[in-house]
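Trainee: Here it is, the structure in full.
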Amino acid sequence: MTETFQLSLFKNKKDNQPRVVSRSWQELCERFQKPPIRKEKDGLLFSPALFEPARRLKENVKEISLLCLDVDHDADFETAKKFLDLLGCAYAIYSTHSHLRKTDSNPNGEPRYRVVVPLACPIPSNEFPSLWRYAKYQTRMPFDENAKDSSRIFYTPVKAETTAPYEFFFKEGAFLDWRKLPLHSFTDGEKPLNAETTDGINQNGDRQKSNLTEYAFHDDRHAELCRRIEARAKATGRGTFEMKCPAHNGKGDTSLFYDPTGKSVACLKKPNPCSYFEILSAFGLPDRKLPSREHAGKDSNSNYSQEKKPLKRLKTVRMSDIEAKPVEWLWQDFIPRGALTILEGEEELGKTWIVCALAGATGQGYGLPNNPQTEPANVLMMSAEDSLTYVIKPRLEAVKAPCERIIAIDEHFTFDRDGILRLEFELAEHKPKLSVIDPLFSFTGSINLNNDNEIRSVTDELSRLAEKYNCAIVAIRHIGKSKGMGDPRNAGLNGIGWRASARVVLLVGKDPNDERQRAIVQTKNNLAPKYKKAIGYEIIGNEFFWKDSSLTARKMLSLQKNEEDRDDQNEAAAFLREALRDGKRQAGEVTAEAEKLGISKQNLRTARHKLGIEPKSVGFGKDKQWLWEIPKNVCLSVETTSVDVDRKQNQHLSANDGYKTSYDNNLPLDVDADANQRLSVNNQHLSEASNDNFIKNYCQDCEKELNKTPGGEMFCPVCLTTY
C-alpha cells in the first residue's frame, strides 16, 4: 500500500511547470485541517497527477495517486459524509474558498466542498475517468464533471478571512484499491455497461467476478440497500433508522424508514410515498425485478437444480439464557399487553363504545372495572367504519377521554408488507399502550379470510408488533347470524385461524330476552386462567357505564330470542317431521316446499340442527344429490313414545373433579365445576332411576326426555320447546 503520495504543486493557475513533492496521508490531513487565510482565491494549487515530461498537459499524465472530487451543488456536510461512507474507505472532505460566499463562481452562496480519497496504489491516467464515474455511481453525489480530467489542478485549502466558516472531516480506514473494482464497466457512463458480468482485477492482476455494482438476487441487492441506508441515515433510540428519502431529492420532513429487525425499507411521504424501485434507483442500485435466492435454483423440468446450496442453520437459543417475564395487562387478566386480542360480537351492540371506553381509561390511567390505576398512556385508533368527527370524537368526549393522548389514523390502508411497516412507524413514534383496529377485516386487504396461511400472514405480524412495542392490540370482528350454533369457537366470521392466533378472545353480547342487558365475556385466554365473570355495560343516551352482569356466552349466543321466534322454529320443525316422515328426500325439494310455506332458511336450518338431520350425498359429478333424513331416534309426532336420547349427549353434565383452567377445561363454556357438581346432586334421583351416570331432563308439558342442540341448548323433540 502507498505510504506517501506524489503531488504536483503549481504557484498559480497559469503555472505549467509542476514541482513534485511527497506527502503522507497524515501530513495531508493535517494540512487540510488548518488552512491559512488568503483573501483572494488565487494562490498555491496542487494536482494528484504525476506528469512526465514535467509539463501540465493531459497527454503527459502518467498516473494519479489521489481521487479528488468537487461537490458544488445540493451539498450538505453531514449528508455528504454519509454518502461518502458508501465508498468503504478513508477520505477527507473540507470546504473550499468560496464556501457559503457569494462570488462569481458561487453567485447563490451555496456550500462548496472538496473530497480527497487516497488510493492504495497510483492509477494510470486512462483508467482514471472510469474510477471517477464509479465513485459518482456508488455515492450518487453531484460531483463536478470537470474533476474527471486527470490533469485538473486544485487550490490548496484556504479561508477567505478569519471568521469565514470552514468545515473539515477525515475518515479513517483502508485506502481505496481501484484494482478490485469493476472499472471496465464504467467506461462510457455512470452506470455499468455490462451489468451482468461485472468483473474486476485483484492484486495479482487476475480477473475475478464482482457484485459491487450488480446483483443476481434480490436478497443481495436489498442487503446493499440496507447497508447504504445505515451509512446515511440517523439511528433512533428504538433501533431503527430514519432519513430524508433521496427518491424525492431529500426535501421535506424525514420520510424514509428502515427497520434492521425485519430488514424493512419504506418511504412514508404523504400523500404519495415513493415505491421500492424508486428508492433503489435513488441509491444507485438496479431498479428492476430480480429473483430471490429461495427460488433461483428452480427450473421448469425439475423441482430443484442439480447444484444444491448448503443449508443455513436454524437460529437456536439456550433457554437458560432467556429471561422469563410476567405478563403485563392493560386490563388485569382480561386484555394483555404485547399480544393480539379479538373483540367479537353482533352489530349494534356498542363495540365502538367499548373501545372508546378502553381508550379513555388507558389515556386517563383508570376507569376499568377491577383494574388498578396505572400511568396515563397513548392510544392508537384505526376506525374504518365510523366518522372521526361525528362518532369517535363525541364518544371519546362522553367517556372523558384525554383526546390529546388519542391518536387516530385518518387514512385507510391494509396490512400488506408496506402497510405493516407504516403501522410500525406509528407505533414506534407514538408508543401507545393500546391500539384498536375497528373492524379487523377492513384492513386485511385482498387475502382469503378463510385460508389459515393467509390469516397468519396478518395475525403473526400484528402479534410481532404487539410484543415488540409492548402494546395491547384489540381487533374487532363480527360474528355470523348462526352464532356458531351456540359455540363461541365458531361464532366469529370467517376462518377459525383468527381465533386461534389471538391470545385472548372477548365476546360481546346481550340477553336474548332483554336487550338492555349487555356484557363482555372472555371465551379464550392463553396467558392466564380464563376470566369467568362477565363484565356488563350499559349505554344510556350518549353515556356509557360499566356494571355487573350474570350473562354467559351460551346465553348471549342463544338463537332463541322471543316467543314469536320460538313459534316460527317450532313450525319449521313440524314441517320437517311431516316432509320427511316417509324417509329420505332431496334437500332441494324440501327447501323449495318450505319456501312456499313462508318458512325462512334460518328457521329451517335451526330446526334441522335440532332434529339432528345431517345432509348426505349420493352419486358423483352431475348426478350428485344431497339427501335429508330424520334420525330414527327422533319423534315424528306427539303421540310417539319418548325418544331414546343418546346418553353421551348429557354425559358432559356429570361432575368432573379437578381445577378447571383454559388448558384442561372439558366442560362446556360458562359451566364451572361447582355449578356442575350441584346440578349432579340436585338430579341424583334421575340418575338412580336409570342407574347411569348421566342426567335426564324432561319436558314439563309433554313429559318427554329433552334433546340437546350442538350449541348446548336443551329442547323437547316433540313440541320443540327450548329450556
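The values are calculated or read from the model by the stated rules, or taken from the named source; none is laboratory data. Given the structure is predicted, the values throughout are model-derived calculations rather than measurements. Please note: Cβ atoms are built from the backbone with ideal geometry, for glycine as well, and neighbour counts cover all protein chains shown. Protein only, heavy atoms only, side chains kept; ligands, DNA and RNA dropped before computing areas. Shrake-Rupley method; radii C 1.70, N 1.55, O 1.52, S 1.80 Å.
Trainee: Taking a threshold of 19 Å on the Cα-Cα distance, which of the pairs K263/K468; K533/K555; K351/K400; K483/K610; K555/K616 fall above it? Please report the intermediate quantities before stating the final value.
Mentor: On the way: K263/K468 15 Å; K533/K555 14 Å; K351/K400 17 Å; K483/K610 15 Å; K555/K616 31 Å.
In this structure, K555/K616 exceed 19 Å between Cα atoms.
Trainee: Still on this model: Could you tell me what percent of the accessible area of region 1-61 is made up of carbon and sulfur, with a 1.4 Å probe and every protein chain present?
Mentor: Details: 1860 of 3970 Å².
Carbon-and-sulfur percentage of accessible area, whole number: 47.
Trainee: Once a ≥ b ≥ c are taken as the square roots of the eigenvalues of the Cα gyration tensor of region 462-580, is the result rounded (a/c under 1.5), prolate (a/b larger than b/c) or oblate (a/b not larger than b/c)? Walk me through the numbers on the way to the answer.
Mentor: On the way: a/c = 2.70, a/b = 1.56, b/c = 1.74.
Oblate.
Trainee: Continuing with the same structure: Relative contact order, percent, of region 481-574 when contacts are C-alpha pairs under 8 Å separated by at least 6 residues? Spell out each step's value before the answer.
Mentor: Numbers: 146 pairs, mean separation 24.8, N = 94.
26 percent.
Trainee: Just the number please: accessible area per residue for region 139-185, 1.4 Å probe, all protein chains included, in Å². Can you show the working numbers first?
Mentor: Values: 2120 Å² over 47 residues.
Per-residue value: 45 Å².
Trainee: Give me the 1.4 Å probe accessible area per residue for region 485-582, excluding ligands and nucleic acids, in Å².
Mentor: Numbers: 4500 Å² over 98 residues.
Here the residues of region 485-582 average 46 Å² of exposed surface.
Trainee: Ok, one more. On the accessible surface of region 372-433, probed at 1.4 Å, how many percent belong to carbon and sulfur atoms? Could you put the intermediate results ahead of the total?
Mentor: Working: 1550 of 3360 Å².
Accessible surface attributable to carbon and sulfur in region 372-433 totals 46 percent.
Trainee: Can you compute the FRET efficiency between T4 and R464 using 1/(1 + (r/R0)^6), with r the Cβ-Cβ distance and R0 = 45 Å? Round to the nearest 0.05. Present the calculation step by step, with values, prior to reporting the outcome.
Mentor: Details: r = 55 Å, r/R0 = 1.21.
FRET efficiency, T4 to R464: 0.25.
Trainee: So what J values fall out for region 601-607 if you push phi through Karplus, 6.51 cos²θ - 1.76 cosθ + 1.60 with θ = phi - 60°, rounded to Hz, Gly and Pro as x?
Mentor: The phi angles translate into 5, 5, 5, 5, 5, 5, 5 Hz.
Trainee: Now for a separate question. Report, in listed order, any pair from K14/K171; K180/K289; K234/K270 with a Cα-Cα distance greater than 23 Å. If you can, show how the numbers build up before the last one.
Mentor: Values: K14/K171 33 Å; K180/K289 27 Å; K234/K270 20 Å.
Too far apart for the 23 Å limit: K14/K171; K180/K289.
Trainee: For K393 and R55, calculate 0.36 nm times their separation in residues minus their Cα-Cα distance, and state this gained length in nm to one decimal.
Mentor: Taking 0.36 nm per residue and subtracting the Cα distance, the gain is 113.8 nm.
Trainee: Suppose each label sits 7 Å from its Cα in the direction of the beta carbon; what would the K41-K632 distance come out to in nanometres?
Mentor: Taking the simple label geometry, K41 and K632 are separated by 10.8 nm.
Trainee: While we're here: Find out how many positive minus negative residues lie around I37, taking Lys and Arg as positive, Asp and Glu as negative, among other residues whose Cβ is under 12 Å from that of I37.
Mentor: On the way: positive: K34, R38, K39, K159; negative: E40, E161.
Local charge sum for I37: +2.
Trainee: Using only protein heavy atoms and a 1.4 Å probe, report how much of F46 is accessible, in Å² to the nearest 10.
Mentor: 10 Å²
Trainee: Sticking with this structure for a sec: How high is the FRET efficiency from L314 to I447, r the C-beta distance, R0 30 Å, rounded to 0.05?
Mentor: Values: r = 27 Å, r/R0 = 0.91.
Calculated transfer efficiency: 0.65.
Trainee: So for region 523-602, averaging the separation of alpha carbon pairs under 8 Å that are six or more residues apart and normalising by length, what relative contact order in percent results? Mind showing how you got there, number by number?
Mentor: Working: 39 pairs, mean separation 12.9, N = 80.
Across region 523-602, relative contact order equals 16 percent.
Trainee: List residues of region 415-446, by number, whose backbone nitrogen lies under 20 Å from a label position 7 Å along Cα→C-beta of A384.
Mentor: What the label zone holds, given the 20 Å backbone N cut-off, is 415-427, 435-446.
Trainee: Whole number in Å², please: accessible area per residue of region 365-421, 1.4 Å probe, ligands, DNA and RNA not counted. All intermediate terms of the calculation are to be shown ahead of the outcome.
Mentor: Working: 3250 Å² over 57 residues.
Solvent-accessible surface per residue comes out at 57 Å².
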